[in-house]
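Working notes, structure below.
Bear in mind that the values in this text are calculations on the coordinates, not laboratory data. This is a predicted model, so every value here is computed, not measured. Cβ placement follows ideal geometry from the backbone for every residue including glycine, while neighbour counts extend to all protein chains displayed.
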Amino acid sequence: MNPTPTTPFEPEAGAMPLLMAADLQDHLMVAGHDLDRLQRLLSDTCDTLLASFHGAIQQIGTLVDPASAADRQALAIDSLREQLGAAVTALQFQDLASQLIAHTHQRLRNCADQLARDAFGPDADGEAVVASAPLRPNPVTQDEMDAGSVELF
Amino acid sequence: MHSILAVDDSASMRQMVSFTLKSAGYKVTEAVDGQDAYDKAAMGGFDLVLTDQNMPNLDGIGLTRKLRDHPNFKTTPILILTTESSDQMKQAGRAAGATGWLVKPFDPVRLIEVIRKVVR
């Protein structure tokens, strides 16, 4: 039986070295987990901001009500400050998300470059350039937008 | 009024930090990375430096190290506010001369409590 002819554009199944395939799979799995984490952070942020928004509207209602007693108004101001504080914590999502996305982007770029190099070989200008994978684990390990720890030395 | 140098390459973080500190009565100067912070710090007049860790040009630990070598910053509190929570990074911050390590996201009330504790 004749072997099935192959072309450079249709590599045989299993042609990719096992170690490289495992490395790519690791990178893609980590990227997938990081995207799941990003989804949880986004969801947590939206929940907190919505709760702060509704809470603030309620307290503003108390503050503008002329029939509202002074002690109730003082409690409303305290509660409003709390809502604002929760919103300040939640709004830090953008910073965490940006770092998470930048890290994942670098990982995916490395995978794409490795695949391109192995499938197409060197380009006209010479050896294909492969962007380096992140050297360190993702610095964002947070799973939710709860305030982080404080340690004084 | 105490003066604080707030350092972060994220504009949204600088806004959140500045809003929190100004609401508590502090004067705030912002810097966009460690090098910008060092240039501004060298002019003097700060009672505390609150810095991010991962930034272009000069990171928070590098900034801390440089500031500790500066005669005006031998005893000025330097707090690192970062997403990094590994013990290895914390120890590196401590070795560089940081006063404390705060993991993002920060709670505004807690942040002000910590600052009041370290700024005399």
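Remarks
- Hits in the stretch B:97-116 - residues which are in a loop (DSSP other than H, G, I, E, B) and among the charged types (D, E, K, R): B:K104, B:D107
- Filter pass, B:M16 being within 11 Å of another protein chain (Cβ to nearest Cβ) and of a type outside the set (S, T, N, Q): yes
- Selection of the stretch A:121-145 for residues being exposed (fewer than 13 other Cβ atoms within 10 Å of the Cβ) and within 14 Å of chain B (Cβ to nearest Cβ) yields A:L135, A:R136, A:P137, A:D143.
- Any hit, the stretch B:57-64, residues being farther than 18 Å from B:V28 by Cβ, small (G, A, S) and surrounded by fewer than 21 Cβ atoms within 10 Å (Cβ to Cβ): yes
- A search for C-beta distances below 7 Å between a residue of the stretch B:97-109 that is within 15 Å of B:S12 (Cβ to Cβ) and at the interface with chain A (Cβ under 7 Å from one of its Cβ atoms) and any residue that is in a helix (DSSP H, G or I) and among the small types (G, A, S), counting only pairs 6+ apart in sequence or on different chains, returns B:P108/A:G85.
- Residues in the stretch A:103-113 include none that are assigned to a helix (DSSP H, G or I), out of contact with any Cys (no Cβ under 8 Å at 6 or more places or on another chain), at the interface with chain B (Cβ under 10 Å from one of its Cβ atoms) and free of Cβ contacts under 8 Å to residues at least 40 places away in the same chain.
- Residues located in the stretch B:74-96, provided they are within 25 Å of A:A97 (Cβ to Cβ) and either part of a loop (DSSP other than H, G, I, E, B) or within 7 Å of chain A (Cβ to nearest Cβ) (or both): B:T83, B:E84, B:S85, B:S86, B:K90
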